[in-house]
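These notes are about the structure you will find just below.
Each value in this text was obtained by applying a stated rule to the coordinates, not by laboratory testing. Not measured: the values here are computed from a predicted model. All Cβ positions, even for glycine, are placed from backbone atoms using ideal geometry, and neighbour counts span all protein chains on display.
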Amino acid sequence: MATAINDTPEMDVSRTLTIRRHGLATRLTHWLWALALFFLLLSGLQIFNAHPTLYLGQQSGFAFDNSVLSIGAARTEDGEVRGVTTLLGHRFDTTGTLGVSGPADRRAYRAFPAWLTLPSYLDLATGRVVHFFFAWLFATVFLVWLVASLINGHLRRDILPSGADIRSLPQSFINHLRFRFDHGRSYNGLQKLSYAAVLLIFFPLMILTGLTMSPGMDAAWPWLVDLFAGRQTARTIHFVIMILLVIFFVVHIFMVIAAGPINELRSMITGRYRIGGELPRKEAGQ
Amino acid sequence: MSRLLINRRRFLTAAGIAASTLPLAGCDAFDGMLKNRAPVRDVLASANGLTYRVQRLLMDADRLAPEFGESEIRQGQRPNGSTEPTDPEYIALQQQDFAGYRLGITGLVEKPLSLTLTELRNMPSRTQITRHDCVEGWSCIAKWTGVPLARVLDEAKAKPEARYVVFHCFDRLDLGLSGPAAYYESIDLTDARHPQTILAYGLNGRLLPVANGAPLRVRIERQLGYKMAKYISTIEVVADLSPFGRGRGGFWEDLGYDWYAGI
């Protein structure tokens, strides 16, 4: 691992260090995932729009109710059509975004609005074509990342939280709330925990629940349906993890921006990352 | 403390910028390259061939789709697509309770067949409680009874060069700009000879209703609902799918859906 001392004279040389933070495999898989997840999200919402109701169990209740989320449109008593989202039996008026969206003179009656789906118009066939292409890319990159991270130690060193990481979680949490970020060589406890959740729980669950929706895979691997207690439950879990990944993405972007976007972006593109400098020594990582 | 404030201000500014870019995700930017037969779309669609080959590798030809107990039948089978064909030939048959119905088996067979419903019902039957998965995303569990397609193909003696089975149907669907088109579908011989692939004439212990495809529909349990043609008039054994419809192997396929619907 090449480390170079930054020789800018104005800076405190002893505390500003540029290191190689991210290996090639980490950087490559990061951007391929970013690309794949962008298209998977927007095509996934297109697919959801074809039947915007989620259920628990093996099948969809038409003569009984096992739905947990439903997005639709309903006419009010004065004749206006409003977007209605029903979550666990609670109804919300979501006109403008969910159920009914678009300009007032050209209202679209669709679950997710045009600006959140790919293609923008309703087209399940194309949504599926896009989704499955990028699903292959996503899963392939996951396998490459897993093997590379096992071999190069990325998983053990950077992702799996150690005992010390767990013990320092409360302090790490407080630091984050104060917008004081480690600029150390390694991830702090909270970072490790969130990356471990995304990479080792959310990503595999996304792939497996996706496969469970495939009637072909349910024949090939019948344990899939048992694992998730039914195809419709798997579809619901797939959706919930999508929401969690979107939340992760928003936090991830905000943290990158808050922690210094140039440095963070450079580290994920060239691998070079400036450590130390801004923080008291004891927090500046190892 | 001053640095804290700067950081927070910087954070909020950045958050505002990030939030303002979200609508850019709106995706009419990609609409053009995703239209049917656009080159980019064709590249993306080629993943379906990979899915087809990998799923065939992952399962034996006879690997069964999950079957369920009677207690899982909690509702009628939800009808979808055509539910009331208006083709005059079909209506004429329907008015006589399909007494005049003949299933034709044609194409690459040694012995073309023309079978009445009685003849089909007198052949060995299979009953299975399976989950119907619609491409839209919903599922419905029902009990299907019919004659295995493999049995009918054996009777007709499919020729060695046969590769696909095409289902020609009575119903026409009017979608898109090109006017109504006849429903048809196709599967490979692996799925055609699969033990659960039956020509169903019974649903949940009764005669197959018109809404669900009377008098005869096919069940292909390892694929999605749109493959399971209803109102079948003729089954044609072929080596090539290009002469039918727009050459993509099915009514929905011609409109852009994947030919292999095991996913």
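What is the Cα radius of gyration of the protein assembly as shown over 2.2 N^0.38 Å, N being its residue count?
Dividing the Cα radius of gyration by 2.2 N^0.38 Å gives 1.16.
Out of the DSSP beta bridges found with both residues in the protein assembly as shown, what percent are antiparallel (nearest 5)?
95 percent
Under 14 Å from the Cβ of A:A34, count the other residues' Cβ atoms, weight Lys and Arg +1, Asp and Glu -1, and hand me the total. Can you show the working numbers first?
On the way: positive: A:R27; negative: A:E264.
Charge balance in the 14 Å sphere: 0.
Using +1 at the Cβ of each Lys and Arg and -1 at the Cβ of each Asp and Glu in chain A, identify which of A:V144, A:V225, A:G163 lies farthest towards the dipole's positive end.
The one lying farthest along the dipole's positive direction is A:G163.
Looking only at A:F134, A:F92, A:F39, which one moves most when chain A is put into a Gaussian network model with springs between Cα atoms under 10 Å?
Highest fluctuation among the options: A:F92.
Given N residues in the range A:107-167, what is Rg(Cα) / (2.2 N^0.38 Å)?
For the range A:107-167, the normalised Cα radius of gyration is 1.85.
Would you mind calculating the gained length between B:D240 and B:S46 on full extension (0.36 nm times residue separation, minus the Cα-Cα distance), in nm to one decimal? Present the calculation step by step, with values, prior to reporting the outcome.
On the way: separation 194, 0.36 × 194 = 69.84 nm, distance 1.85 nm.
Result: 68.0 nm gained on full extension.
Can you tell which of A:G72, A:G153, A:G83 shows the greatest fluctuation in a Gaussian network model of chain A with Cα springs below 10 Å?
A:G153
Which length gain, in nm to one decimal place, applies between A:L122 and A:I201 when the Cα-Cα distance is subtracted from 0.36 nm times their residue separation?
25.3 nm
Calculate the FRET efficiency for B:E67 and A:L88 from the Cβ-Cβ distance with a Förster distance of 51 Å, rounded to the nearest 0.05.
Working: r = 31 Å, r/R0 = 0.61.
Calculated transfer efficiency: 0.95.
Grab the beta carbon distance between B:S114 and B:E84, set R0 = 22 Å, and tell me the FRET efficiency rounded to 0.05.
Rounded to the nearest 0.05, the efficiency is 0.30.
Would you mind counting up the charge near B:R248? Only other residues with Cβ under 14 Å from its Cβ, with Lys and Arg at +1 and Asp and Glu at -1.
Around B:R248, the surrounding residues sum to -2.
For the range A:53-111, just list the percent of Cα-Cα distances falling in each 5 Å bin from zero outward, please.
With 5 Å bins starting at 0, P(r) equals 4, 19, 23, 21, 15, 10, 5, 1, 0.
Would you mind checking the tilt of helix A:231-258 against the longest principal axis of the Cα atoms of chain A, expressed as 0 to 90 degrees and rounded to 10?
The two axes meet at around 40 degrees.
Lysine pairs in the protein assembly as shown with Cα distance under 25 Å, only those 8 or more apart or on different chains: how many are there?
Lysine pairs meeting the criterion: 10.
Rounded, prolate or oblate: which one fits the range B:39-254, using the alpha carbon gyration tensor with axes a ≥ b ≥ c (rounded when a/c is under 1.5, else prolate when a/b beats b/c, else oblate)? Walk me through the numbers on the way to the answer.
On the way: a/c = 1.19, a/b = 1.13, b/c = 1.05.
Rounded.
Provide the FRET efficiency to the nearest 0.05 for the B:A181-A:L177 pair, computing r from the beta carbons and using R0 = 60 Å.
Once rounded, the FRET efficiency stands at 0.45.
How would B:D191, A:D78 line up from fewest to most surrounding beta-carbon atoms within 10 angstrom? Don't skip to the answer; put the middle values down first.
Working: B:D191 24, A:D78 5.
Ranking B:D191, A:D78 by Cβ neighbours within 10 Å, fewest first, gives A:D78, B:D191.
Nearest 10 degrees, 0 to 90: what angle lies between the long axis of helix B:2-21 and the longest principal axis of chain B (Cα atoms)?
Once rounded, the angle reads 40 degrees.
Need the C-alpha centroid separation for the range B:197-263 versus the range A:120-161, integer Å.
33 Å
In which sequence would B:K227, B:K157, A:K192, B:K111 go, from the one with the fewest C-beta neighbours within 10 Å to the one with the most?
Lowest to highest Cβ neighbour count: B:K111, B:K157, A:K192, B:K227.
For chain B, what is the relative contact order in percent, using Cα pairs closer than 8 Å and at least 6 residues apart in sequence?
20 percent
Under a Cβ-only charge scheme (Lys and Arg +1, Asp and Glu -1), can you give me the dipole magnitude of the range B:39-254 about the Cα centre, in debye to the nearest 20?
That gives a dipole near 340 debye.
Averaged over peptide B:135-146, how many Cβ atoms belonging to another chain are found within 10 Å of each residue's Cβ?
Counting Cβ atoms of other protein chains within 10 Å of each residue's Cβ and averaging gives 5.
Among residues other than A:S67 whose Cβ falls under 13 Å from its Cβ, what is the net charge (Lys/Arg +1, Asp/Glu -1)?
Local charge sum for A:S67: +1.
In debye to the nearest 20, how big a dipole does the range A:53-111 give about its Cα centre with +1 on each Lys and Arg Cβ and -1 on each Asp and Glu Cβ?
So the dipole magnitude of the range A:53-111 works out to roughly 200 debye.
Counting only residues 5 or more places away or on other chains, whose amide H sits under 5 Å from the amide H of B:A261 once H atoms are built in the peptide plane?
B:L224
Listing A:W223, A:W31 from the residue with the fewest other Cβ atoms within 10 Å to the one with the most, what is the order? Can you show the working numbers first?
Details: A:W223 9, A:W31 12.
Least to most surrounded, the residues fall as A:W223, A:W31.
Select from B:T118, B:T130, B:T190 the residue whose mean-square fluctuation is largest in a Gaussian network model of chain B (Cα-Cα springs shorter than 10 Å).
Of B:T118, B:T130, B:T190, the most mobile in the Gaussian network model is B:T118.
Which one, A:H183, B:Q196, A:I71, projects farthest toward the positive side of the charge dipole computed for the protein assembly as shown from Cβ point charges (K/R +1, D/E -1)?
Final value for the positive-end residue is A:H183.
Mind checking the angle between helix A:24-50 and chain A's longest principal axis? C-alpha axes, 0 to 90 degrees, to the nearest 10.
Compared with the principal axis, the helix lies near 20 degrees.
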